[in-house]
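J.: The structure is given below, and queries will be raised subsequently.
The values are calculated or read from the model by the stated rules, or taken from the named source; none is laboratory data. As the structure is a computational prediction, the values presented were derived from the model and not from experiment. Using ideal geometry, Cβ is built from the backbone for each residue, glycine included, and neighbour counts are taken over all protein chains shown.
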Amino acid sequence: MEVATSLVTDNEFFSAERRDNVLIVRGKPHFTRHVRDLKQIDTFFDHLEIIAHTDQVRVVVFIGCPQKDGAADTLEFFDEFLTSRREDYLLQRLFNLVNNYIVTMAGLNKVTIHADAGHVSAFMLNMSLACDYRIVGAQTVFENASAEVGTLPKGGGGYFLSRLLGGAKAAEVLQWTRFTAEEALTLGIVDKIVPSDRLEEEALKVAAYYQEPQVATMLAIRKLLKSDINELRRSLETEDMLILNRLNSPEFRTALASRREARKRKQQ
């Protein structure tokens, strides 16, 4: 009973609702406003640990909040940390949390479905790549502001995309600053496009499909495709080093300032 109660929650960062053996986790707006308060992010990852250790749910559906700004969120994230006196410590702390999330998701003994719509940042795309099935709303756009300022988006994109697309194509996609839901579907990065107002409904249909006995097959396939957890950890550690090296360079601050000004001019 204690675990079942813990699975259901509602806070500033996310909410979680249980429907039989399906858990629905919904993101809330303004992720970047919580980046300085790592306790909020800790809460999310602690909740994931509860999910990982319970047998009361078989499928977890993560639904992104439609109220987000994609690339603008990422640039705001960079600004938040670069104006902090403890930027390296905070970044490393966040990276550790994200790495633990990605590794946990890749090894989670449940079917995981990610549904999102609107302007989706490369960071949020990477979080979805750790899931087994991805659905997006029509008119969804993926935006990679990290590529605009010469760095990588955090979250294991290099690892997952290289396994999905092959190394050469993954390297190309990681340099794209923007691509559509249709392009993502063609590549195989997402599995389905649905009307945005039916996103949750369609995600729950997929969740219903991946119940027993199909769930056993899905889990076996997922484990086969994501079997090298040690390689995933090494890739995430290399990602940390490359991002930190770039963020600590004078060239990055110049590129960020230039990109910020360009966006301001575009908005005027």
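J.: Given the criteria of a type in the set (Lys, Arg) and surrounded by fewer than 22 Cβ atoms within 10 Å (Cβ to Cβ), does Lys192 qualify?
T.: Answer is yes for this residue.
This table checks each residue for (1) touching a helix residue (DSSP H, G or I) at 6+ places or on another chain (Cβ under 6 Å); (2) more than 20 Å from Arg260 (Cα to Cα); (3) at pLDDT 75 or above; (4) not small (Gly, Ala, Ser).
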residue: Ile41; (1), (2), (3), (4): yes, yes, no, yes
residue: Phe44; (1), (2), (3), (4): no, yes, yes, yes
residue: Cys65; (1), (2), (3), (4): no, yes, yes, yes
residue: Lys68; (1), (2), (3), (4): no, no, no, yes
residue: Asp73; (1), (2), (3), (4): yes, no, no, yes
residue: Glu76; (1), (2), (3), (4): yes, no, no, yes
residue: Asp79; (1), (2), (3), (4): no, no, no, yes
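J.: With respect to Thr104, is the statement that it is farther than 20 Å from Tyr210 by Cβ, in contact (Cβ under 8 Å) with a residue 40 or more places away in the chain, of a type in the set (S, T, N, Q) and in contact with a helix residue (DSSP H, G or I) (Cβ under 8 Å, 6 or more places away or on another chain) true?
T.: Considered against the rule, which asks whether it is farther than 20 Å from Tyr210 by Cβ, in contact (Cβ under 8 Å) with a residue 40 or more places away in the chain, of a type in the set (S, T, N, Q) and in contact with a helix residue (DSSP H, G or I) (Cβ under 8 Å, 6 or more places away or on another chain), Thr104 comes out as no.
J.: Would you mention how many residues in region 223-238 are under 25 Å from Lys110 (Cβ atoms) and under 18 Å from the mean Cα position of the chain (by Cα)?
T.: Qualifying residue count, region 223-238: 6.
J.: Additional query: Quick check on Asn126: is it over 17 Å from Ile193 (Cα atoms), free of Cβ contacts under 8 Å to residues at least 40 places away in the same chain and not in a strand (DSSP E or B)?
T.: Against the criterion (over 17 Å from Ile193 (Cα atoms), free of Cβ contacts under 8 Å to residues at least 40 places away in the same chain and not in a strand (DSSP E or B)), Asn126 qualifies.
Okay, residues lined up against (1) touching a Lys or Arg at 6+ places or on another chain (Cβ under 7 Å); (2) assigned to a helix (DSSP H, G or I); (3) within 23 Å of Gly157 (Cβ to Cβ):
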| position | (1), (2), (3) |
| --- | --- |
| Gln211 | yes, no, no |
| Val215 | yes, yes, no |
| Met218 | no, yes, yes |
| Leu224 | no, yes, yes |
| Arg233 | no, yes, yes |
| Leu236 | no, yes, yes |
| Met241 | no, yes, yes |
| Arg246 | no, yes, yes |
| Phe252 | yes, yes, yes |
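J.: Does region 173-185 contain any residue that is more than 16 Å from the chain's Cα centre (by Cα), buried (at least 19 other Cβ atoms within 10 Å of the Cβ), in contact (Cβ under 8 Å) with a residue 40 or more places away in the chain and part of a helix (DSSP H, G or I)?
T.: Among the residues of region 173-185, not one is more than 16 Å from the chain's Cα centre (by Cα), buried (at least 19 other Cβ atoms within 10 Å of the Cβ), in contact (Cβ under 8 Å) with a residue 40 or more places away in the chain and part of a helix (DSSP H, G or I), which makes the answer no.
J.: Let me ask you something else. Among the residues of region 210-222 satisfying the criterion of being surrounded by 13 or more Cβ atoms within 10 Å (Cβ to Cβ) and within 18 Å of Met105 (Cα to Cα), which is nearest to the chain's Cα centre (by Cα)?
T.: Looking at the filtered set, the residue picked out is Arg222.
J.: In region 238-268, which residue that is surrounded by 12 or more Cβ atoms within 10 Å (Cβ to Cβ) and farther than 14 Å from Phe78 by Cα is modelled with the lowest pLDDT?
T.: Arg263
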